[in-house]
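For reference, the structure is listed below as structure tokens.
A short reminder: the numbers here are calculations on the coordinates, not readings from a lab. All of these numbers come straight from a predicted model, not from anything done at the bench.
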Amino acid sequence: MPHHILIMLAAGIGIPVLAALNAALGRHIGSPAVAATVLFVVAFAISASVAMMTNPQAVTKLITAPKHLFLGGTFVAFYVLSITWIAPSMGVGNAVFLVLLGQLISAAAIDHFGLFSAQAAPLTPTRAAGIALMAAGVFVTQKA
């Protein structure tokens, strides 16, 4: 389990780096949409390679998957397009602050209601206080 913690920490570190790199690419080429497209092409190549190396037979199960499960891609596209467009004018820190706040809110709702087959974890007063403290901490880092 400790390696899961490190992987997720690295993923968290990568989000602002992704935002800064893609925003800079969008500014450089004059098109946030083209920058986002390049990001998706690179991401597709990497994830398709990993999928083919680790579990190629899973591709055949896509046909039977509930179609609403494919909506995750729209959220990734929305995130990448919005951060690429907005970070240059708002700043990466402020943009990521709002993304983190949104993540705290949606993660709490998903866990509380067990949405999308997630393991249910009720939003107790202690958890709510912890989430509020995390949100306040993120807010303070942007105001300091």
Alpha carbon centroid spacing (whole Å) that separates region 79-144 from region 1-76: 19
Among [x] 45; [y] 32; [z] 37, only one was calculated for this model; which label is it, if the read-out is percent of Cα pairs over 28 Å apart? [y]
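Is any helix in the chain, taking whole DSSP H runs, at least 30 angstrom long along its axis by alpha carbon and on average at least 1.0 on the Kyte-Doolittle scale, and which ones?
Answer set is 2-29, 32-54, 92-113.
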